[in-house]
Number of protein chains: 4
Amino acid sequence: MLLLTVVEMTLHIIATGGTFEKHYDEISGRLVFGESHIPSLMKRARVSLPYTFETVCMLDSLDMQESDRLKIREACAMSPAGKIVIVHGTDTMRETAAVLGKAAFQKTIVLTGAMIPCEFDHSDALFNLGFATGAVQLLPNGVYVLMNGRVFDWERVRKNRREGLFEEADKR
Amino acid sequence: MLLLTVVEMTLHIIATGGTFEKHYDEISGRLVFGESHIPSLMKRARVSLPYTFETVCMLDSLDMQESDRLKIREACAMSPAGKIVIVHGTDTMRETAAVLGKAAFQKTIVLTGAMIPCEFDHSDALFNLGFATGAVQLLPNGVYVLMNGRVFDWERVRKNRREGLFEEADKR
Amino acid sequence: MLLLTVVEMTLHIIATGGTFEKHYDEISGRLVFGESHIPSLMKRARVSLPYTFETVCMLDSLDMQESDRLKIREACAMSPAGKIVIVHGTDTMRETAAVLGKAAFQKTIVLTGAMIPCEFDHSDALFNLGFATGAVQLLPNGVYVLMNGRVFDWERVRKNRREGLFEEADKR
Amino acid sequence: MLLLTVVEMTLHIIATGGTFEKHYDEISGRLVFGESHIPSLMKRARVSLPYTFETVCMLDSLDMQESDRLKIREACAMSPAGKIVIVHGTDTMRETAAVLGKAAFQKTIVLTGAMIPCEFDHSDALFNLGFATGAVQLLPNGVYVLMNGRVFDWERVRKNRREGLFEEADKR
C-alpha cells in the first residue's frame, strides 16, 4: 500500500514539442525542433524531486494529428507515474487535453507550454515548467491546462489567439 | 460569501531580497540590492492572474534581524490576500518560515528563493517563482518552503549548505 | 581641417534587418522584424564613442531587392560619417557589399550580421557588433564583410551556406 | 618568410580573470573564479580564425601583484603569436598595460575586460571580446586598452571609477 502510493506520486514529464522547444537552426534560418530542452532546464532549476522523462513527438501543435494525440494518451497510460507534466504547443493544447480528459485516467495530468521559445532571453518557458512542476504535485486527479500563471480545467479553457492568452471558456 | 472567497484567493507577492534579487553593481563590483525583479519576471511570464506586490526589505537573509522577520509577519497579517508568496534568501528561509508558522495565519504562505541570482543566464529564480505561483494557489492554509521542485512543511525542512539543496528534516 | 577629420571619423550605424534583428512574435509564432535592437545593444556595451544610428529597412536579406541595396548605398552617401557599420542579413551580404564596393566611397564601410538572432541566449550578434565597432575604426577606406571573427575584402568573400561560415573566395 | 608572417599573425588569447570571468558560486553566495569562459564565448561567436588560448591567472585585478603582471609579460614574450588579446580586470588594466608597454614587444597586445560578468544577462563581455578580436588584427604593434567601444593607447588612458568608464588621460 505504501509502495503503491510512492509509485503513484512519481513524476513523469513528456515532451511533445511546441513553441517551448523551438530551436533556431542557423543553416536554414528557421525555427526547428531538436533534442528537448526539458532535462537541462530541470537541472538548471536544481530539482531534487525524482522524475522520469520521455519525448513522444517534437511537433508544432498545429501539425499534430489525431495519431499523435493517441500516442500521448498511450504514454500517459503506460507510465507508472500518477503525476504527469506534458509540455505541448499552445495552439492545440486544448484538443490534446480533451483526448486525455475523456480517457479518465486516475492520474493528475497537466499540460503547459510557452509563448516564447525557451532559448530566448525573455521566454516564459522556465516559469511555466516551474508552475507545472508545483501544481501537478498538488492537484487532484484530472486533466488541466496551466498557462499564464493559472490553472484551467481541460473542459473550460480556450486560447485567445489574438491576445496570446489562455482564458476560461464555457464547458464543452 | 462569494466576495469573501474571491478576496481570500487574491495573490500577494512579497519581496524581501535574497540571492534571487541580487544585482551586480558595476561601480563597486559587488552584488547589491536594487529594485525588485519580481514585477518584470511576472510580466515576462505573462501571468494574467491578478496579484499585488510589496517590497518589505531588500536583504541578504544572513543579515536579517528579528525585526525584519516581524515586518514580514506584519505584511502577511495586513494583506487581505489569502495566498502569499514570499521571495526570500535561502540561508534563513527556515527561520522566517518558523516565525510565520507560529503566527498560525488562516492563509497559505509559501517562501521561495534562488540559488543563482535571477540576472544570471542559468538562474533557477524564474522556475522557482513559477513553482511558487502554482503551488500557493493549491496548498491548504499553512506555511511552506518551496525549493528544488519540492514542497516542504515549515516544520520539517533544512538547507543542506554543503550541497546547496533543501531537504526534509525532523520536526522541530 | 581638424574639424573635417573629426567629422570623417564619426561612426554611423545602419540597420537593415537580417537574422541579427529577428524577433519572435508570440501571436503568429513566427520570426518577424520590429524595432532594431542595435541602440540597446550599444548601450549594454557601454559604448562611449559617439555614433549616429539609422534604420534603412528591416528585411531578411533573401527578400532584399536591388532598390533596397540602392537605399543602403544612398544612406552611406548621405551620411557625413567616414566610418559606417551596416548590420545586414548574411545570405546576400556579399551582394550589398558589391553594390557599395563599386560605389567607391572615400569611407570605411563594414557589413556584419549574425547566424543566431540577438534575442537568443547563445547568439553571436553582440560579438559581431563589437568586432565591427572595433574594426571599422581601424580599417582603411573600403568595403569589408566581417563575420566569424575575420575581416574579408568585399571582392573576396562568400558564405558557405552548408557550414554556415564565411570564407575567402576568388576575386570577382 | 611566408611562414614568419603566418606565425606573427597568429592570435593568442590570455585569460587573467577580472569581472569578465566572475562566476556566481551558489554554495558560498559569492563571486569567484572558475574555468575561463573565453573558449566557449569564442565558439558561440563562431570564430573561424585560428587562435591559441592560455590562462595565466584568475584574479580580481585589485588583487594582482607585480609578480602576476610579470607572469603576463612572460606569457606575451613566450607566445609565438604577434597578436595578443588579454582579458583582464578593469581596475588595474592600466597598470598591466604599462608593464607590457614598457617591455616594447614587437607585437600588438590589447587588453579588454568587462564591467558586468559574462554570465549576466546584460553583460558587455561578449561585445568587448568581439571588439578586441577585431581591433587586435588591425592595430600596429603596441599596447592598447580597449573598453567602451574605444581604442586607448596604454600611455593615455585611465578608468573613471565613479562613472565606470575608461577615458583618455594625459600621457604618463
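Restricting to region A:36-56, name every residue that is open to solvent by 40 Å² or more (accessible area, probe 1.4 Å) and touching a residue at least 60 places away in the same chain (Cβ under 8 Å).
Pass one, region A:36-56, residues open to solvent by 40 Å² or more (accessible area, probe 1.4 Å): A:39-40, A:43-44, A:46, A:48, A:50-55.
Scanning region A:36-56 gives a single hit, A:Arg44.
Among the residues of region D:61-70, is there at least one that is among the aliphatic types (A, V, I, L, M) and under 29 Å from C:Met115 (Cβ atoms)?
no
For the list (1) open to solvent by 10 Å² or more (accessible area, probe 1.4 Å); (2) part of a strand (DSSP E or B); (3) not hydrophobic (A, V, I, L, M, F, W, C), I need the number of the one condition that D:Thr16 fails.
Single failed check for D:Thr16: (1).
What is the number of the single condition among (1) without any contact (Cβ under 8 Å) to a residue 60 or more places away in the chain; (2) buried (at least 18 other Cβ atoms within 10 Å of the Cβ); (3) of a type outside the set (A, V, I, L, M, F, W, C) that D:Asp25 does not meet?
Exception for D:Asp25: condition (2).
What's the total number of residues in region D:78-129 that are of a type in the set (S, T, N, Q) and within 27 Å of C:Phe120 (Cα to Cα)? Break it down into steps so the answer makes sense when it comes.
Narrowing region D:78-129 to residues of a type in the set (S, T, N, Q): D:79, D:90, D:92, D:96, D:106, D:108, D:112, D:123, D:128.
Adding the requirement that they be within 27 Å of C:Phe120 (Cα to Cα) leaves D:112, D:123, D:128.
Count: 3.
What helices (runs of 4 or more DSSP H) lie completely within region A:57-167 and have 2 or more residues being modelled with pLDDT of 95 or more, more than 9 Å from chain B (Cβ to nearest Cβ) and surrounded by fewer than 17 Cβ atoms within 10 Å (Cβ to Cβ)?
In region A:57-167, A:66-78, A:93-103 are the helices (runs of 4 or more DSSP H) which contain 2 or more residues that are modelled with pLDDT of 95 or more, more than 9 Å from chain B (Cβ to nearest Cβ) and surrounded by fewer than 17 Cβ atoms within 10 Å (Cβ to Cβ).
Can you pull out every residue in region B:26-43 that is assigned to a helix (DSSP H, G or I) and more than 12 Å from every other protein chain (Cβ to nearest Cβ)? Can you show your working first?
Taking region B:26-43 and keeping what is assigned to a helix (DSSP H, G or I), we get B:38-43.
Correct list: B:Pro39 only.
Residue-by-condition table, conditions (1) of a type in the set (S, T, N, Q); (2) touching a helix residue (DSSP H, G or I) at 6+ places or on another chain (Cβ under 7 Å):
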site	(1), (2)
A:Ser67	yes, no
A:Val87	no, yes
A:Thr92	yes, yes
A:Gln137	yes, no
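The values are calculated or read from the model by the stated rules, or taken from the named source; none is laboratory data. All of these numbers come straight from a predicted model, not from anything done at the bench. Neighbour counts run over all protein chains shown; Cβ positions are idealised from the backbone, glycine included. Surface accessibility is based on the protein's heavy atoms, side chains included, excluding ligands, DNA and RNA. Shrake-Rupley method; radii C 1.70, N 1.55, O 1.52, S 1.80 Å.
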